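Nothing in this text is a laboratory measurement; each read-out follows from the coordinates by a stated rule. Please read all numbers here as calculations on a predicted model, not as lab measurements. Neighbour counts run over all protein chains shown; Cβ positions are idealised from the backbone, glycine included.
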Amino acid sequence: MRAHTARRFTTEQLAQGVQRIRHRRKHKPHRSAIRLNIAPMIDMTFLLLVFFLVTTRFARSEGMLSSKMPQDRGQVGVPLPISPIVVRIKQVGEGVDDFAITLDNVDAFPATFTQLAQVLSEIQSRPGFDKETPVVIIPDEDVWWDHVVNAWNAALRAECRNIAFGAE
Amino acid sequence: MRTLRHDRHGGSSLDFNATPLIDVIFTLTIFVMLVSTFSSMENMPVDLPSPEGSQAKEHDVPDRVVINCLPVSQLSKRTGGARYSIGPNAPEALDVLGDRLAAMKEQNAAMQVVIRADKHLAYSDVRALMNVLAERQIAVLNVAARTRDGE
């Protein structure tokens, strides 16, 4: 075992030692912390989100109805049997509800398209008629397109399988 | 997740982790951006007919060409005439549109046409378009209408 010998320092040496320690502390390599301020980023993100939420327009549900082409100027595109059901739509005024529905050779004047569907169903149950009986829709030139589609839809509700557009 | 910290002086401070919040916000933003793009591609806003008890069915028509028919004048929709356009393109005259459809049908015989016409138009406006299609031998025709859910 070695004998411990205390080392003695002079006052000057002690002062120098303290200075070196302070110097090391002063010039200790400073670790810089990278700080990211995310508040502006969150602000921009919320702005974008609100913008797209306000400007986005979700499309309403729409479907399709299928049909054949209209006959024009007497040129028969679809050969018709002897007794098709002819539905005529006339515009009797300027308003959306100013229309009249008539059926050729049928004593019925449906006021609404729901009634038209009921009339068509009733006709199909008569002798000589069935779901395959052609239904020809002949609207006037100035009838609203909405009424034409409604008439077509009424024929589909009555389960008519052969629907066509006609012309005067 | 908030965590509680104790600082030097013995008090406590709340620590808020914003990372999941930012992730969710970005996900929502990207979703809304993509959805808004898809919904406006070929379906221009058109006031379609809403039939009572609509029989219109949603089905995917392959090789479809959508023709939008809109009134020229918003004040007199029924009498002001119509403008016709293929998808989101600019409106064209009927004869020009018919020629384009004929050229498209030559390239793809299985092409189907979908007419999206404003419900306020007169039948004559839509019929003129249907006549053009009939002249070009385009027999199969689909007309767009609101479904029951879309009323």
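Sorted largest first, the spans of the alpha carbon positions of the stretch B:44-151 along the three principal axes are 37, 31, 22 Å.
Return the FRET efficiency for the residue pair A:R161, A:V50: r is the Cβ-Cβ distance, R0 is 30 Å, and the value is rounded to the nearest 0.05.
On the way: r = 51 Å, r/R0 = 1.68.
FRET efficiency, A:R161 to A:V50: 0.05.
With Cα atoms defining each centre, the stretch A:107-162 and the stretch B:91-125 are spaced 26 Å apart in the structure.
Counting only other chain Cβ atoms within 10 Å of each residue's Cβ, the peptide B:122-135 averages 5. A P(r) calculated from all alpha carbon pairs of the stretch B:78-125, with 10 Å bins opening at zero, reads 23, 50, 23, 4 percent.
Partner shielding of A:153-166 amounts to 2, given as the average count of beta-carbon atoms from other chains within 10 Å of each residue beta-carbon. Applying D = kT/(6 pi eta Rh) to the stretch A:97-168, where Rh is the Kirkwood radius over alpha-carbon pairs, T corresponds to 4 °C and eta to 1.567 mPa s, the Stokes-Einstein value obtained is 104 µm²/s.
List the residues, sorted by chain then number, that are 5 or more residues from B:L141 or on another chain and whose placed amide H is less than 5 Å from its amide H. Correct list: A:S67. The modelled label-to-label distance for the pair A:N105/A:V18, using points 7 Å beyond Cα in the direction of Cβ, is 12.6 nm. At an R0 of 25 angstrom, the distance between the Cβ atoms of A:S121 and A:S61 translates into a FRET efficiency of 0.40. Residues of the stretch B:83-98 with amide nitrogen under 13 Å from the 7 Å Cα-to-Cβ point of B:R64? Only B:87 pass the distance filter.
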